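Heads up: the structure comes next, in structure tokens.
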Amino acid sequence: MEIYKRKSIYKNLQRKIIIIILCVSIIPLVFLGETIYYRFAETYGEKIEEQIKYRVRSVSDGVEVFLKERTAIVATILDTHSFDYLKQQENLARIFKVISRRTDGLIDLGVIDSAGQHLAYSGPYNLKGLNYYQQGWFNEVMTKGKYISNVYMGYRQLPHFVIAVRGYSNGQSWILRATVDSDIFNKLVRTAQTGKSGDAYIINKNGIYQTAPRFSGKILGKSNIPLTLFGRSTTVAEKIKDNGKTKHVAGTWLKNNEWLLVITQNVGDEKGGLLTTRNTEIIIIVFSCLAIIMTTFFAMRIIFKHLEEADKGISELNDQLIQSDKMAALGKMATGIAHEINNPLAIIGEKAGWMRDLLVEEEFQKSENFKEYEQSIDKIEEHVERARKITHNMLGFARRMEHRLDDVDINHVLHQTLELLQSYAQTNNIEISKDFQSELPIIASDQSQLQQVFLNLINNAIDAVEKDGWIEVKTRKKDSQIVIAIKDNGPGIAEEHLKKVFDPFFTTKETGKGTGLGLSVSYNIIKKLGGTIKAESKPSEGAVFSIKLPISQSFNVRKVRLMITKFARLEFELFTKPSKSDFLRVHQK
């Protein structure tokens, strides 16, 4: 067949193959992208609903705990003190001062008799002598024994709500009443707000705002949220606003189904990540299609070009066979050259290491050209390693990375750590003093893990001191160990807690402020590094955490590395040329 006819056949075949490949590649890719996107959108929507549900549950739990704790405080005062004692103004003021020091959230405390007369009052308002018999909450607490009121104006003409507990004395009922701090309570509710459009507030069962919403409405105003959306458990629903925007609305009932915590969030704000994902997916699909088209087109051109060239004659095929033989011979030669080069590379590497040791141990450091010597050695070692990798790749020989220790200056690591925490300490007016022993030996250890331990301990000390205190960090060399002591003047650790401070999940911090894992992780790190960590404390005298690390000189680390390098070179020679004479030569080395 003439050559021009074969070219026409090749072109038609090339066109058909390109069309088939593109259809088989692009159509499934687009279909897969659409399927993944819609599945992701569905999952993303479920995730948004779960997140808003979680926020509602978390904040509702916090509100319930807040109310129960304050109710328990009022009930405890009532149960532990008599009516005659509490109706004395000075006694009530003393008790209120004590609980104000220990907890927040209450702004006043009052004693009211069965006739509604305010007998004693401690707080910022002038309410003593007023009568509450006609107040709605008065009859509720007389009936139920304990009662948390709705928000109302009252005598002070400010929105507030109270916690009241009924007691008995000489056959007569009386009430101990406390007013909840609205600012603290509102802040607690507002923790559920997220983003630019997120809102969180509480309404009662009549739809009246008990806390101020973020955008529209005010306390004691009427809400337009339909209460029928919410059952007894957390519910999420979509509601179309007047301006046409869709928003998520979630709510859960509090206070025996008398209050409803509501969280709202615009759907558009939550779906920003979904839109980004969609756009990214479109870009990926478009570029993938372009890549497939270009790859297919050029690949077919290359393939058919080679087919056409193959038809030019047997002479070209013979030339290729000859060239292949040359390349095979060159490959064998390269293997031998790589083996021969590897031996001097190892010697150069050893000598460079010996020269580096000379620079460290002898008088070369005083030379004006010391830096140039050091930089030259760095270049030698860098290019030796590069050449070794090339020869190893040529031989297909893979080596495992050895474990390397750091040369650690304890004082330097502590100095870096203190710089990270200095601003935090100054913010709380905490002075950090350093008492570092000069010329501590450089040890072989893990610098990053040691810094993590120091960061945990110093951060714990700052949290313990809180404000207006001091922390002392001291280092000493003692026998064959380095001792690091971190001392603070905080409240200290109770004796029964000292044995548990390194236990996982044990913490004396408030709920939500500590996981109880920092000291446990620090203990495990120090133990793996061959050291010990110990806590000492006395109540009101602060605490001391002492770390002891073994002194393992960095010289030993360098020596071990040199030995490992030499052994690996000898092992490599034995692996590449396993003849009897070479085995004896390597063994003698």
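The values are calculated or read from the model by the stated rules, or taken from the named source; none is laboratory data. Worth saying up front: this structure is predicted, and the values here are computed from it rather than measured. Cβ coordinates were reconstructed from backbone atoms using ideal geometry, including for glycine residues, and neighbour counts include every protein chain displayed.
Some observations on this one:
- Any hit, region 55-64, residues being part of a helix (DSSP H, G or I), in contact (Cβ under 8 Å) with a residue 24 or more places away in the chain and touching a Phe, Trp or Tyr at 6+ places or on another chain (Cβ under 9 Å): yes
- Of the residues in region 84-92, not one is touching a strand residue (DSSP E or B) at 6+ places or on another chain (Cβ under 6 Å), in a strand (DSSP E or B), in the same structural domain as ARG177 (by TED's automatic domain parsing) and modelled with pLDDT of 90 or more.
- Selection count where residues are touching a Pro at 6+ places or on another chain (Cβ under 8 Å) and of a type in the set (S, T, N, Q), scope region 168-216: 1
- Taking the criterion of being of a type in the set (D, E, K, R), in the same structural domain as ASN456 (by TED's automatic domain parsing) and either within 20 Å of ASP503 (Cβ to Cβ) or modelled with pLDDT under 80 (or both), the residues of region 516-559 that qualify are LYS527, LYS528, LYS534, GLU536.
- Top-ranked residue in region 414-443 [being closer than 23 Å to LYS467 by Cα and hydroxyl-bearing (Ser, Thr, Tyr); ranked as surrounded by the fewest Cβ atoms within 10 Å (Cβ to Cβ)]: SER423
- Positions within region 187-213 being farther than 16 Å from VAL59 by Cα and among the charged types (D, E, K, R), in sequence order: LYS196, LYS205
- In region 70-86, the residues that are crowded, with 16+ Cβ neighbours inside 10 Å and free of Cβ contacts under 8 Å to residues at least 40 places away in the same chain: HIS81
- Out of LEU67, LEU119, LEU127, sole residue that is surrounded by 15 or more Cβ atoms within 10 Å (Cβ to Cβ) and within 20 Å of ASN257 (Cβ to Cβ): LEU67
- Filtered residues of region 101-110 (kept if at pLDDT 90 or above and under 39 Å from the mean Cα position of the chain (by Cα)): LEU106, ILE107
- Residue within region 19-26 that is surrounded by 13 or more Cβ atoms within 10 Å (Cβ to Cβ), at pLDDT below 90 and β-branched (Val, Ile, Thr) present: yes
- Evaluated against (1) outside the structural domain of ILE482 (by TED's automatic domain parsing); (2) modelled with pLDDT under 80, PRO344 falls short on exactly one condition, (2).
- Some residue of region 95-108 being hydroxyl-bearing (Ser, Thr, Tyr), over 22 Å from GLN172 (Cα atoms), part of a helix (DSSP H, G or I) and free of Cβ contacts under 8 Å to residues at least 24 places away in the same chain: yes
- When region 477-500 is limited to residues that are assigned to a loop (DSSP other than H, G, I, E, B) and at pLDDT 85 or above, the one that is surrounded by the fewest Cβ atoms within 10 Å (Cβ to Cβ) turns out to be ASP479.
- Restricted to region 145-175, and to residues there that are modelled with pLDDT of 90 or more and of a type in the set (Lys, Arg), the residue that is farthest from ARG70 (Cα to Cα) is ARG166.
- Residues located in region 197-240, provided they are modelled with pLDDT of 80 or more, surrounded by fewer than 13 Cβ atoms within 10 Å (Cβ to Cβ) and assigned to a loop (DSSP other than H, G, I, E, B): ASN206, PHE215, SER216, LYS218, ASN224, PRO226
- Residues that are outside any loop (DSSP other than H, G, I, E, B) and free of Cβ contacts under 8 Å to residues at least 12 places away in the same chain, drawn from region 150-196: TYR168, ASP183, LYS187
- Qualifying position, being within 46 Å of the chain's Cα centre (by Cα) and assigned to a loop (DSSP other than H, G, I, E, B), among TYR125, TYR147: TYR125
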